[in-house]
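Quick note: the coordinates plus some simple rules give every number you see, no bench work behind them. Treat the numbers as computed from the prediction; the structure is a model and nothing was measured. Here the Cβ positions follow ideal geometry from the backbone for every residue, glycine too, while neighbour counts run over all protein chains shown.
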Amino acid sequence: MTAYITFSNIDIVINCLPETIQTTHIFDNKLLKKFSKPFTYIGIGRGETTNTSDLIQFVDKGDIKTAFLDVFEQEPLPKDSKIWENNRIIVTPHISGMLPHFRCDFLELFSKNLYNYCTHKELNSIVDYRKGY
């Protein structure tokens, strides 16, 4: 039996996925058509997780009412990209993660990990290279 998943009553989709083999182009025509329409799409993860041409088609059809994009498949975004021409796609300057408290939080994590490393204790927030994030 084939399962057909739909995401009804969704107003906003926020993609903050890392880029892995499993997530490359996960937001494509096949997945995007499962969301209720119209919805707002926010892309702040990795650019390769979104199939740009599929996303533009959904915006053009009105299935995505607005897309806020901080990351792209190709960076920098080419000058001739259709994204620049679309008034329902908002491009942000690739700084979505730069929050006022970011540096303090990062310094605290680094300091704790440095202490743990020096005292042979377990480190926090370690990247799992097998998973890709």
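Ordering ARG103, ARG88 by the number of other Cβ atoms within 10 Å of each residue's own Cβ, fewest first, gives ARG103, ARG88. The GluC sites (Glu not before Pro) of segment 51-133 that meet both conditions, a loop assignment by DSSP and at most 10 other Cβ atoms within 10 Å of the site Cβ, are GLU122. Using a cut-off of 13 Å between beta-carbons, work out the net charge of the residues near HIS25 (Lys and Arg +1, Asp and Glu -1, HIS25 not included). It works out to a net charge of -3. Loop-located chymotrypsin sites (Phe, Trp or Tyr not before Pro) in segment 1-91 (DSSP state not H, G, I, E or B) with no more than 13 neighbouring Cβ atoms inside 10 Å: TYR4.
On full extension, the segment bounded by SER8 and GLU75 gains 20.9 nm, given 0.36 nm per residue less the C-alpha separation. Over 28 Å between Cα atoms, which of LYS34/LYS131; LYS37/LYS131; LYS79/LYS131; LYS37/LYS82; LYS30/LYS131 qualify? In this structure, LYS37/LYS131; LYS79/LYS131 exceed 28 Å between Cα atoms. A Stokes-Einstein calculation at 10 °C with viscosity 1.306 mPa s, built on the Kirkwood radius of the chain over Cα pairs, returns a diffusion coefficient of 93 µm²/s. Site pair ASP105 and ARG130 shows an inter-label distance of 2.8 nm when each label is modelled 7 Å from Cα along Cα→Cβ.
Once both axes come from the Cα atoms, what is the angle between helix 102-118 and the longest principal axis of the chain, in degrees from 0 to 90, rounded to 10? Roughly 40 degrees between the two axes.
Note on segment 73-133: the C-alpha convex hull projects to 6.8 nm² when averaged across all orientations.
Each stretch of four or more DSSP H residues adds -39500 (n - 2.57); spread over every residue of the chain, this sum gives -7000 deg cm²/dmol at 222 nm.
The charge dipole of the chain, taken about the Cα centre with unit charges on the Cβ atoms of Lys, Arg (+1) and Asp, Glu (-1), comes to about 260 debye, rounded to the nearest 20. Between 0 and 90 degrees, the angle of helix 52-61 with respect to the longest Cα principal axis of the chain falls at about 40 degrees.
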